[in-house]
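Visitor: One structure is given below, represented as structure tokens, and several questions about it will come after.
Bear in mind that the values in this text are calculations on the coordinates, not laboratory data. As the structure is a prediction and not an experimental result, all values here were calculated from the model. When we count neighbours, we look across all protein chains shown, and the Cβ atoms used for this are built from the backbone with ideal geometry, even at glycine.
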Amino acid sequence: MKLSQKFFIVFTLFVCIHTYAQQTQIQYLSGTGKDDTRQWQFYCTAGRNSGKWTTIAVPSCWELQGFGKYNYGLDKDSVRGKEQGLYKYHFNVPAAWKGKEVNIVFEGSMTDTEVKINGKAAGAKHQGSFYSFKYNISKLLKYGKDNLLEVTVSKHSANESVNKAERHGDFWIFGGIFRPVFLECLPAENISHVAVNALADGSFNAQLQLDDIKAANTVECALYTSDGKQVGNTFNAALKDNDTTVTLQAKANDIKTWTPEFPNLYKAVFTLKSGNNIIHTVEQKFGFRTVELRPGDGIYLNGIKIKFKGVCHHSFWPSSGRTTSKALSIADVQMMKDMNMNAVRMSHYPPDAHFLDACDSLGLMVLDELTGWHQNYDTEAGSKLVKEMIAHDVNHPSIVIWDNGNEGGFNFDLDHLFDEYDIQHRPLIHPWAIFRHTDTQHYINYDYGNGTHAHGHEIFFPTEFLHGLYDGGHGAGLDDYWNLMWNNPLSAGGFLWVFADEGVVRTDRDSMIDNDKDHAPDGIVGPYHEKEGSYYTIKEIWSPVYVEHREITPQFDGKLTIENRYFFTNINQCSFSWKFSKLPTPYDSSNKKEITGKATAPDIKPEEKGTLQLQLPKDFMQYDVLYVTASDPHGREIYTWSFPVKQPADIANEIVHKNGNNKVQVTEQDSLYVITANNITFHISRNTAKLVQVKNEKGIIPFTNGPQLTSSSELPQSVTYHQNDTAVVVEAAFKKKSLWQQLRWTIYPSGWIQLDAQYFPAQYEYPLLGINFHYPEANVKAVEYLGNGPYRVWKNRMKGTTLNVWDKQYNNTSTGEDWVYPEFKGYYSNFYWMKLITTAQPITIVCASEDIFLRLFTPKFAAKPYNTAPPFPDGDISFMHAITPIGTKSQKPEKMGPSGEPNMYYDYGNDGTYSKNVTLYFNLSGE
């Protein structure tokens, strides 16, 4: 090796080491999250496992580690004010750190926190649970030697306003050092903080806070793309001794803005220099974007009026409480993006830094919130916490709005601090209030009244709406609300309550998951993120590609009208595929086949409509269903829509075989017609025309006591039968003004039995309409069916399902109390056929009528369900023309929009009447 080469390698190594030494160095004293912890010494003063020194994982919430007492914020807490955690941890710092500035940083500790280093106080007690704070401990350390960290954490604050704002709220409260603790080492002269304001026009402005400036005379800044390419030239600002702040400004050309659809990020590198010598280097990610609130108009991002499609989000995991992880934050944001959301509200406190990082990089607009729930911090404590929150979070481009408290938990004396501390001057709101030209009232009815909300003059976006208790809210009513919001120029969208059920693992109760009764099961997903039906309803309703309804007929030309509901994306940046499928039948799965293709994405600008053209196969009408999938510019599926090709009558004709080798036999026994076909015997009542018993050579099949109208119990005037060459027909006759117009059984030689029913609604408005049968629920093991699924529907939550053949195992899930999803019991739309798998013989039922709901038993509802336990029909299995909507914790369904109102039929047929018809085929013979 040549001497010059050796010199080059040594010089390069020196430069790298020297540059690294001038960066802020981080040394973790704890782990980084719920899956990466360190053991500290620990002593709990009250509750479980108290009164003794042991160890605990840090970060963590001590309740989840077996200490103290679990408390929901609304509890009457018997140990309030008594529960403390005492921590000890030994650590070393490099001898080379001596003479530099060393800070100890706590990312979050609940709640009052006192810190000692080597027996001496690091600083004043910190009060407030969800905020990052630090102490300069440079003079307290023993460099190159062992050091002792002692921390005393009080679960409840000595400041009663802190307790009222965050400890007495409608969410779980925990104790402990629940976010990471680390040391940061900076040069004695340093850049202590950076705040960036980068606008959509390329303007860049940074405010730097400096410490102990003596030798430094310049600060330089260079901007880079995410892949390391420098943007423009390096720019700088001169310094004088003892300067504490400096501003850097520049204008970048040809930049890509940050939006939730294209979350383009950049990096700024700030270098503190003395002449050519580098003293300190700081890197900061950011995005170019401009947020504006235009009174009487809307909220604008980069000059485009936007609407929030958002959800409220807690920092939470069942087995670790408020201690989360980077992986969990990424997974949460990805789930929100998968639901086609573009925004998230921090409820009701600032999140982990890695959650905001995920929102920055994956693309979600954020409402960041100072804690307060009906009550607020006092001005002294609140002022410190506002400063800490903004200093910690200010540079995240995802944050577009600050929230000062929640639902009355506002301290108006703090409002000016948001304006003063935030270099970007983001809008400020009071969630649940009319404030600064915004109306964010919670749980508004669909039509809230004149002069307010949708009928008011302020920009309206409820920061909580459609409370998702159990299976209510969220998807239920959302289609109505979203159409209202989408078409109102003053609407800026809204935020659903809440992302996940906040069920916590009770280490004091054999690891059961506790939702604190009806306080916490409000999620779109369960505690471990099990998906409820509303997940897919939201995904379809909030799809930025809106597909108009289209019937697939022989005349279908392959054209679908679509609307672009993006804000920054042309539809031609997306991709589309299609698939025609032939689906299996109850007795033959071998006939399944499909044909696929791709469609050219049309040029459709935001808020415009256009046509998607599918290239149809010539025999497309031979298939059962058409699927169309849209994917976004990043390859993520937006949604897959299903369109029936064949109608129920077509499918029924393929499945039902009527012929047999033997003639149908009929006899009369007392009050029964006893009819035998293909070794199956049917008992039909001569008084009611109901099916009383079914029996074959294997035994009795307990499918009985129907059909029974949900709206009437009247009996026929007569029940007669007649026989032809192929079948026996049993028919009931009713009074002229009866609700029943037709009730007819046809028994075929094959053993199939057909029911034709025709009836009137009992009145113009009614909750339920259909016919019921009885079958013992205890006998059911599973169901295989063709229809929309796999999730059940409500009258006001019809979207989010797919037409397919679904195979579902029986469960008795009570949504939000058990988490085996999809639920088995409930209503299923667009019913074609089902095969009920039982402990004895299977039952096959085929429907030849359109728009029929299959009802499978009655769901198990919570003991205190509020508006989320709508009435169900009598019986066990029903075939419905009309079903009920579902409400939310705070709203009855009829207040949530047109789809939540009672079923109404005012239409009339050619004879001046309007009736409902259903044709069903039953194979009660097993296979």
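Visitor: Cut-off 12 Å, label point 7 angstrom out along Cα-to-Cβ of Glu548: give me the residues of the stretch 598-630 whose amide nitrogen falls inside.
Guide: Only 609-612 fall inside the zone, counting backbone N under 12 Å.
Visitor: Report, in degrees rounded to the nearest 10, the 0 to 90 angle that the Cα long axis of helix 326-338 makes with the longest principal axis of the chain.
Guide: The answer is roughly 40 degrees.
Visitor: Then there's this: Work out, step by step, the length gained on full extension between His457 and Ser590: first 0.36 nm times the residue separation, then minus their alpha carbon distance; give nm to one decimal. Each step should come with its number before you reach the end.
Guide: Working: separation 133, 0.36 × 133 = 47.88 nm, distance 6.08 nm.
Length difference between fully extended and current span is 41.8 nm.
Visitor: What is the distance, in nm, between label points placed 7 Å from the Cα along the Cα-to-Cβ direction at Glu292 and at Lys892?
Guide: Placing both labels 7 Å along Cα→Cβ, they lie 4.5 nm apart.
Visitor: Compute the Kirkwood hydrodynamic radius of the stretch 319-414, taking the inverse of the mean of 1/r over all pairs of distinct Cα atoms, and give it in Å to one decimal. Please report the intermediate quantities before stating the final value.
Guide: Values: mean 1/r = 0.0717 Å⁻¹.
Averaging 1/r across every pair of different Cα atoms and inverting gives 14.0 Å.
Visitor: Roughly how many Å is it from the Cα centre of the stretch 842-912 to that of the stretch 677-738, as a whole number?
Guide: Using only Cα atoms to place each centre, the spacing works out to 25 Å.
Visitor: What nm value, rounded to one decimal, do you get for the distance between Lys251 and Met904 when each label is placed 7 Å out toward the C-beta?
Guide: Distance between label points: 5.9 nm.
Visitor: So what is Rg over Rh here for the stretch 545-644, counting just Cα atoms and using Kirkwood for Rh? Each step should come with its number before you reach the end.
Guide: On the way: Rg = 14.6 Å, Rh = 14.4 Å.
Checking Rg against Rh, the ratio lands at 1.01.
Visitor: Follow-up. Which log10 I(q)/I(0) values, to two decimals, does the stretch 604-707 give at q = 0.17, 0.23 Å⁻¹ under the Debye formula with one point per Cα?
Guide: -0.94, -1.26
Visitor: First measure r as the distance between the Cβ atoms of Glu697 and Ser511, then evaluate 1/(1 + (r/R0)^6) with R0 = 51 Å and state the FRET efficiency to the nearest 0.05.
Guide: 0.55
Visitor: I've got another one for you. Short version: what are the Cα gyration tensor semi-axes of the stretch 413-487, square root of 5 times each eigenvalue, largest first, in whole Å?
Guide: Details: eigenvalues 148, 47, 23 Å².
Semi-axis lengths for the stretch 413-487 are 27, 15, 11 Å.
Visitor: For the stretch 51-65 and the stretch 451-527, write down the distance between their C-alpha centroids in whole Å.
Guide: So the two Cα centres are separated by 33 Å.
Visitor: Moving on to the next point. So how do Phe461, Phe703 line up by other beta-carbon neighbours within 10 Å, fewest first? Numbers along the way, then the final one.
Guide: Working: Phe461 28, Phe703 23.
Fewest to most other Cβ atoms nearby, the residues stand as Phe703, Phe461.
Visitor: Students often get this wrong, so check it: of Lys100/Lys240; Lys34/Lys531; Lys229/Lys387; Lys139/Lys273; Lys116/Lys240, which have C-alpha atoms separated by over 27 Å? All intermediate terms of the calculation are to be shown ahead of the outcome.
Guide: On the way: Lys100/Lys240 21 Å; Lys34/Lys531 22 Å; Lys229/Lys387 34 Å; Lys139/Lys273 25 Å; Lys116/Lys240 35 Å.
Lys229/Lys387; Lys116/Lys240, as the Cα separations exceed 27 Å there.
Visitor: Starting from the Cα-Cα distance between Glu380 and Asn242, subtract it from 0.36 nm times their residue separation and give me the gain in nm to one decimal. Write down the numbers at each step before the final one.
Guide: On the way: separation 138, 0.36 × 138 = 49.68 nm, distance 2.89 nm.
Taking Glu380 through Asn242 to full extension adds about 46.8 nm, to one decimal.
Visitor: Cut-off is 10 Å between beta-carbons; in what order do Cys185, Cys44 appear when sorted fewest neighbours first?
Guide: Working: Cys185 20, Cys44 27.
Starting with the residue having the fewest Cβ neighbours, the order is Cys185, Cys44.
Visitor: Give me the one-decimal Kirkwood hydrodynamic radius in Å for the stretch 23-186, with the sum taken over alpha-carbon pairs.
Guide: 16.1 Å
Visitor: Further, regarding this structure: Assuming 0.36 nm per residue, please report the length gained on full extension of the stretch Ala778 to Lys737 beyond their Cα-Cα distance.
Guide: Details: separation 41, 0.36 × 41 = 14.76 nm, distance 3.88 nm.
My answer for the length gained is 10.9 nm.
Visitor: Kindly provide the helix-only [θ] at 222 nm of the chain, computed as the sum of -39,500 (n - 2.57) over DSSP H runs of four or more divided by all residues, to the nearest 500 deg cm²/dmol?
Guide: On the way: 8 runs with 90 residues, N = 927.
After summing the helix terms and dividing by the residues of the chain, the value is -3000 deg cm²/dmol.
Visitor: Can you list the aspartates and glutamates whose alpha carbon sits under 15 Å from that of Lys799, skipping same-chain ones fewer than 8 residues off?
Guide: Excluding near neighbours in sequence, the set is Asp471, Asp479, Asp480, Glu532, Glu540, Glu548, Asp851.
Visitor: Say each of Gln758 and Thr561 gets a label point 7 Å from the Cα, pointing the same way as Cα to Cβ; how far apart are those two points in nm?
Guide: With each label point 7 Å from Cα toward Cβ, the separation is 3.4 nm.
Visitor: Sorting Leu786, Leu141 on the 10 Å Cβ count, fewest up front, what's the list? List each step's numbers first, then the result.
Guide: On the way: Leu786 26, Leu141 19.
Listed from fewest to most nearby Cβ atoms, that is Leu141, Leu786.
Visitor: Which whole-percent values make up P(r) of the stretch 327-541 when all C-alpha to C-alpha distances are grouped in 5 Å steps starting at zero?
Guide: 1, 7, 14, 17, 19, 18, 13, 7, 2, 1, 0
Visitor: On a 0 to 90° scale, report how tilted helix 3-21 is relative to the longest principal axis of the chain, with both axes built from alpha carbons and the result rounded to the nearest 10.
Guide: Tilt of helix 3-21: around 80 degrees.
Visitor: Can you pull the three principal axis extents for the Cα set of the stretch 97-160, in Å, largest first?
Guide: Result, largest extent first: 40, 19, 14 Å.
Visitor: Continuing with the same structure: Placing one identical point scatterer on every Cα of the stretch 782-853 and ignoring solvent, what is log10 I(q)/I(0) from the Debye formula at q = 0.21, 0.27 Å⁻¹?
Guide: -0.94, -1.32
Visitor: Next question, about the same structure. Expressed as a fraction of 2.2 N^0.38 Å, the rule-of-thumb size for a compact globular protein of N residues, what is the C-alpha radius of gyration of the stretch 25-70?
Guide: Working: Rg = 11.7 Å, N = 46, 2.2 N^0.38 = 9.4 Å.
So the Cα radius of gyration is 1.24 times the expected 2.2 N^0.38 Å.
Visitor: Non-local amide H neighbours of Val545 (under 5 Å, H modeled in plane, Pro and chain starts lacking H): which ones?
Guide: HN-HN under 5 Å from Val545: Arg565.
Visitor: With a Förster radius of 45 Å, plug the Cβ-Cβ distance of Glu608 and Phe235 into 1/(1 + (r/R0)^6) and report the FRET value to the nearest 0.05. Show your work: numbers first, answer last.
Guide: Details: r = 41 Å, r/R0 = 0.90.
The formula returns an efficiency of 0.65 here.
Visitor: Given 37 °C and 0.692 mPa s, how large is the Stokes-Einstein diffusion coefficient of the stretch 103-227 in µm²/s, with Rh as the Kirkwood radius over Cα pairs? Please report the intermediate quantities before stating the final value.
Guide: Numbers: Rh = 17.6 Å.
In µm²/s, the coefficient is 187.
Visitor: Using the Cα gyration tensor of the stretch 665-923, with a ≥ b ≥ c the square roots of its eigenvalues, what is the shape: rounded (a/c below 1.5), prolate (a/b larger than b/c) or oblate (neither)?
Guide: Note, shape of the stretch 665-923 comes out oblate.
Visitor: Looking at the calculated P(r) for the chain, what percent of the C-alpha pair distances fall above 58 Å?
Guide: Details: 94842 of 429201 pairs.
Of all Cα-Cα distances in the chain, 22 percent exceed 58 Å.
Visitor: Turning to a different aspect of this structure: Between Phe861 and Arg636, what's the calculated FRET efficiency when r is the beta-carbon distance and R0 is 25 Å? Round to 0.05. Please report the intermediate quantities before stating the final value.
Guide: Values: r = 35 Å, r/R0 = 1.41.
So the FRET efficiency works out to roughly 0.10.
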